[in-house]
1. Where does each of Ile55, Ile22, Ile75 land when they are ordered by accessible area, with a 1.4 Å probe and the largest first?
2. Taking a probe of 1.4 Å, how large is the accessible area per residue of the chain, in Å²?
3. For a quick check, take a GNM of the chain with Cα springs below 10 Å and name the residue from Ser65, Ser25, Ser41 with the largest mean-square fluctuation.
4. Let me know the Kirkwood hydrodynamic radius for region 1-76, please, with Cα pairs as the basis and the value in Å to one decimal.
5. Below 14 angstrom from the Cβ of Trp4, what's the summed charge of the other residues (Lys, Arg +1; Asp, Glu -1)?
6. Please report, as a whole percent, how much of the solvent-accessible surface of the chain comes from carbon and sulfur atoms (probe radius 1.4 Å).
7. Within a Cβ distance under 14 Å of Gly28, other residues only, what is the Lys/Arg minus Asp/Glu net charge?
8. Please arrange Arg44, Arg49, Arg73 by accessible surface area, largest first, computed with a 1.4 Å probe and ligands excluded.
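The values are calculated or read from the model by the stated rules, or taken from the named source; none is laboratory data. This one's a predicted model, so the numbers in the text were calculated from it and none came from an experiment. Methodologically, a virtual Cβ is constructed for each residue, glycine included, from the backbone with ideal geometry; neighbour enumeration extends over all protein chains shown. These area figures cover heavy atoms from the full protein model, side chains too; ligands, DNA and RNA do not enter into them. Shrake-Rupley method; radii C 1.70, N 1.55, O 1.52, S 1.80 Å.
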Amino acid sequence: MAGWNFAVSVNNANAPLVVHFIDMSIGGLGWHWNLGDGVTSTKRSPTHRYTNLGIYLATETVTGSFGTHATSRFIITD
């Protein structure tokens, strides 16, 4: 059975904030990340630096034999 999810190293701290995104999908073949601040990535588990204060919605879209599924998490910098 395919599954999808991701974890983050940290999701709430002072800017600048470096976040490691960890893909935990099972059966994924392709990944697209929208990191919420205009930056995207196709790496399976990217690292990103948020430099400004704000609330960002990071979304991972995984494609595989199960189809396509998206999961999101908030990243908050203060």
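1. On the way: Ile55 120, Ile22 75, Ile75 0 Å².
Ranking Ile55, Ile22, Ile75 by accessible area, largest first, yields Ile55, Ile22, Ile75.
2. Values: 4450 Å² over 78 residues.
Computed with neighbouring chains in place, this is 57 Å² per residue.
3. Most flexible of the set in this elastic network: Ser65.
4. 12.5
5. On the way: positive: Arg44, Arg73; negative: Asp23, Glu60.
Around Trp4, the surrounding residues sum to 0.
6. Details: 2480 of 4450 Å².
Carbon with sulfur: 56 percent of the solvent-accessible area.
7. Working: positive: Lys43, Arg44; negative: Asp23, Glu60.
Overall, the nearby charge balance is 0.
8. Values: Arg44 115, Arg49 135, Arg73 75 Å².
In descending accessible area the options line up as Arg49, Arg44, Arg73.
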